[in-house]
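Novice: Let me begin by handing over the structure; questions about it come next.
The values are calculated or read from the model by the stated rules, or taken from the named source; none is laboratory data. Computed from a predicted structure; not experimentally measured. No Cβ is skipped: glycine too gets one built from the backbone with ideal geometry, and neighbour counts run over all protein chains shown.
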Amino acid sequence: MKKLLLLVLLPFYMTVSAQFDTGNNSLNLPPITNTPPVSASVPLPETPKADPRDVPPSIFGAPSESKSLVIENDNAFTSKKPEFVNPGDAVAKKLNKRGDGELYKVLRQNQYLGDFKTTSGTVSVSYRDHEFVDGDMIRVWVNDHVFREVIYLDGAFQGFDLVLQPGFNKIDFEALNQGTSGPNTAEFRVIDEKGKLISSNRWDLATGFKATIIVVKE
């Protein structure tokens, strides 16, 4: 009977004993919840306002000075565009107007460039623009007949061979225009069949006038 009583009371005793031993050493843990902890907001330090007196001066000066500089530059670049003048315009104007100046008289007339004797049966006549090439054109006449209708004067010599008639052989160079700079300018050469230079000269003509040479075959 005593043994049966001990077996009944033994679990109760162990429970009481365990509670007694852990009395003050137990931890009181708060219940777990899903509510997030509330964090305390930390105020940010205020940014100090800039004092205009602390701003370093601009290398371009004060705003009013910069505005003045822009205005000055605008005035500088709003000037008139440069005008390019053709050096031959002055001559062309003199040729295209009526007048009795010295240059006008020289260019507005035919030019006789001399006569030359030769025993050669043929001569070689060549010509070129002796100024910068600007579109000068000529017509060649031989004994009052058109020999070459239109010739454009280049920077290099060009020309023709002419069979001479006994006696006078007249060669006319007629200026068909004055190019872009005016007047009609050219250099010519006349060489006999042996390569000897008979004549060499230049002309400066207004439009419609002629430079004339005469080759006399003996």
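Residue-wise test of (1) buried (at least 18 other Cβ atoms within 10 Å of the Cβ); (2) assigned to a loop (DSSP other than H, G, I, E, B); (3) at negative phi; (4) not hydrophobic (A, V, I, L, M, F, W, C).
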| position | (1), (2), (3), (4) |
| --- | --- |
| GLU174 | yes, no, yes, yes |
| GLY179 | yes, yes, no, yes |
| ALA186 | yes, no, yes, no |
| GLY195 | no, yes, no, yes |
| ASN201 | no, no, yes, yes |
| GLY208 | no, yes, no, yes |
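Novice: List the pairs whose first member sits in the stretch 153-180 and is more than 18 Å from ALA211 (Cα to Cα) and free of Cβ contacts under 8 Å to residues at least 40 places away in the same chain, whose second member is hydrophobic (A, V, I, L, M, F, W, C) and loosely packed, with under 14 Cβ neighbours inside 10 Å, and whose Cβ atoms are under 9 Å apart, counting only residues at least 6 apart or on separate chains?
Specialist: Short answer, once both residue conditions are applied: GLY155/PHE132.
Novice: I would also like to ask the following. Which members of the stretch 196-207 meet the condition of being over 12 Å from PHE173 (Cβ atoms) and in contact with a strand residue (DSSP E or B) (Cβ under 7 Å, 6 or more places away or on another chain)?
Specialist: The answer is LEU197, ILE198, SER199, SER200, ALA206, THR207.
Novice: So, one more: Given the residues ARG148, ARG139, which is the only one that is more than 17 Å from GLU218 (Cβ to Cβ), touching an Asp or Glu at 6+ places or on another chain (Cβ under 8 Å) and modelled with pLDDT of 95 or more? Before the answer, list the steps.
Specialist: Working: ARG148 fails: touching an Asp or Glu at 6+ places or on another chain (Cβ under 8 Å).
Every option except ARG139 fails the conditions.
Novice: Okay, moving on. Out of the stretch 116-152, which residues are more than 13 Å from VAL215 (Cα to Cα) and among the small types (Gly, Ala, Ser)?
Specialist: SER126, GLY135
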